Structure formats: structure tokens, C-alpha cells
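One structure below.
Bear in mind that the values in this text are calculations on the coordinates, not laboratory data. This is a predicted model, so every value here is computed, not measured. Here Cβ is always computed from backbone atoms with ideal geometry, including for glycine, and neighbour counts include all displayed protein chains.
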Amino acid sequence: MTTPFPVPDYVQGHGLLADRIVVVTAAAGAGIGAAVARRAVEEGATIVVSDVHERRLDEAADALAEVAGARPLARVCDVRDEAQVQGLLDAAVAEHGRIDVMVNNAGLGGDTRLVDMADDEWDRVLDISLTGTMRCTRAALRIMAGQGHGVIVNNASVLGWRAQVGQSHYAAAKAGVMALTRCAAMEGVDAGVRVNCVAPSFATHPFLAKTSSEELLAELASREAFGRGAEPWEVANVVVFLASDYSSYLTGEVVSVSSQRA
């Protein structure tokens, strides 16, 4: 295909998350987390946002205030730090009384062949993308179990299934997120907590240019049946679905957000 399919019209909100308290990690910038936070607001949610970058987090909270009519609670959180993760969720409960939805979006990628990869690069990607997701899932489960309800949505990747050169650390982490999601879901059932995850193939946003070459991004876009990457809000729409009552019979599932075979 030489001409990409056009980006569809932006989908307006339908109140799918009305009156829900939604926490989103890594919500600053212009990627999937920022899109999820905005979509949640548009669907009626009250949100709490976090990010490791304080300045960008403040900017994100200001932008969300224009949509929500009030500035959301925003708290700096490095998911590698258990105390910061717990502090984020404690702050959300202190402010709003509960957490209905936890969206674990924080992750880190890279592009390094295994033979050239140092231990510290491997450890950093795994600690943020997998162990960080575990820390957030664990903390949310503890709170939601006490409430008797809740939804957790994790962000994985189709690389959890698919092989790609230079992605051994990221792929291993995202495969781990998928396995973590399935096991956590079985543990959450009796407490009324659902746990699912999305697995995007390729969502386009400015941050990718910092971690991937133009050639790689063009190649990834060419592999998609639509001839383009997903807009972050297109992935966010699926996260909203998993967070909403429309997915009430889904738990332990990995939903591929892709225009190609996973």
C-alpha cells in the first residue's frame, strides 16, 4: 500500500466512565497515557495523573483542566520506587475516597541488539516496563480488594508475541506484562476486580523519535494494513472500553490494538 488509510474522525465521549475515579501513570507528553487521561475525562471520569517528569506533568494537568473544568490531582511518580507508587494511590484515595480504574501505562523501550546490550539497560527497561507495572498493579489490587470493586488496565505491546531485532528487553518486559495481567486477574476475581491489558502494535507520537530511527518508524508503519500507526487516542479508546462496564465479562485478556496480525 502506498497511500495510508486516513485517520478517522475523533470519537466523542458517551459517558462510559461517568463518576469513575481513574488513575493514569505516565500521563504527560503526547503519547498513549496522555490520550487515555483526556479520553477518560471526555467519558465523564475524574482523573488522577502521574508522571516521572514534574514539568511535563504540570503542563499535562493544565491542559486537562481545560477539558475537565478543574485541574486534576497530579503527582510525580517513578514506578521504580515503591514508596512513590504507594504515595500516588494513597493521594488518590485521600482526595477522592476510592480508585475505580487504574491504568498502568508507564514503560520504557529502546533499540539495542542483545549482543550490544549492557546489563543496566536491560535492568532499566525491565524495572520500568514490567516491575513498575507489577508495583502499580499490586498497590491497586490491595486498595480495590478492600473496596470490593475495581478495574486495572495494563499497557503491553504486540512485541510480547512477536519477534523484532533490537527489542529483546522490551519484548521480554511486555510478554511479562501479559503474563502478570492474566495471573493478577485470577487473583482479583473474588474481590470483584478485573485486570486486562492492551497490546498496541504501533502508535505514533513525538517521543518515539527519541528512541527509534526514522527508518524503523517508517518500516513499522508500512507493516500496518492501514499504512500508518495508530493515533494515541485510538489506543485510548480501547483502554476506555476495557475500563468501562462494556467489558464486564473480560478479565485476564490481552486485546491487540493493531491493523495487522499479532
Exercise. Out of Ala83, Ala35, Ala191, any idea which swings most in a Gaussian network model of the chain, alpha carbons joined below 10 Å?
Worked result: Ala83
Seminar exercise, completed: Listed by chain and number, the residues whose amide H is under 5 Å from that of Ala203, excluding neighbours fewer than 5 places away on the same chain and using placed H, are Ala230
Exercise. Under the definition of Cα pairs under 8 Å and six or more residues apart, what whole-number percent is the relative contact order of the chain?
Worked result: 20 percent
For this session: Highest first, please rank the peptides 166-177, 92-103 by the mean number of other Cβ atoms sitting within 10 Å of their residues.
Result: 166-177, 92-103
Exercise. Helix 32-42: angle to the longest alpha-carbon principal axis of the chain, degrees 0 to 90, nearest 10?
Worked result: 40 degrees
For this session: Would you please state the base-10 log of I(q)/I(0) at q = 0.17 1/Å for segment 1-129, with intensities from the Debye formula using one equal scatterer on every alpha carbon?
Result: -0.89
Exercise. Got the relative contact order for segment 50-158 handy, in percent, Cα pairs under 8 Å and 6 or more residues apart?
Worked result: 28 percent
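Hand me the chymotrypsin sites (Phe, Trp or Tyr not before Pro) from segment 227-262 located in a DSSP loop with no more than 10 other Cβ atoms within 10 Å, in residue order please. Spell out each step's value before the answer.
On the way: sites: Trp233, Phe241, Tyr246, Tyr249; in loops: Tyr249.
Listed in order of number, the matching sites are Tyr249.
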